[in-house]
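First the structure, in the form of structure tokens, and then the observations on it.
Values quoted throughout were computed directly from the atomic coordinates according to the rules given, and no laboratory measurement underlies them. All of these numbers come straight from a predicted model, not from anything done at the bench. No Cβ is skipped: glycine too gets one built from the backbone with ideal geometry, and neighbour counts run over all protein chains shown.
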Amino acid sequence: MDRIFGGPVLATIFKLAVASVAVGIVLAILGIKPIDLWRDFLDTAIRVWEMGFEAIDWSFQYLVLGAIVVVPIFIVVRLWTMMTERGK
């Protein structure tokens, strides 16, 4: 258990409690409420999730746009190569 907590369990729990109270006092002085902090965290996580899907959508649109040009050119070049090799 000491390896998980980085020392004696009770001492570590006491240090965490003291640090939590100190941070809580500072946040209260700054006017930050726990529910506001939690909502901001969740809003940030949701926004990052949405940005990820927006990036996928953006990438897919450009993939399709480029494929409209690249794939037909590739097919024509392959057919041309096959016909010239067959003629040799």
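Tabulated data for the structure shown
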quantity	calculated
The chain: most fluctuating residue of L63, L42, L16 per GNM, C-alpha cutoff 10 Å	L16
Over 17 Å [Cα-Cα, the chain], rounded percent	75
Rounded to 10°, Cα long-axis angle of helix 9-29 versus longest principal axis of the chain	80
Local electrostatic count at K33 - Lys and Arg +1, Asp and Glu -1, tallied over other residues with Cβ under 11 Å	-1
Fluctuation leader among V64, V77, V48 - the chain, Gaussian network, Cα springs under 10 angstrom	V77
13 Å beta-carbon shell around I46, net charge (K/R +1, D/E -1)	-2
Residue-averaged [θ]222 nm for the chain, counting only DSSP H segments that reach four residues, each worth -39500 (n - 2.57)	-32000 deg cm²/dmol
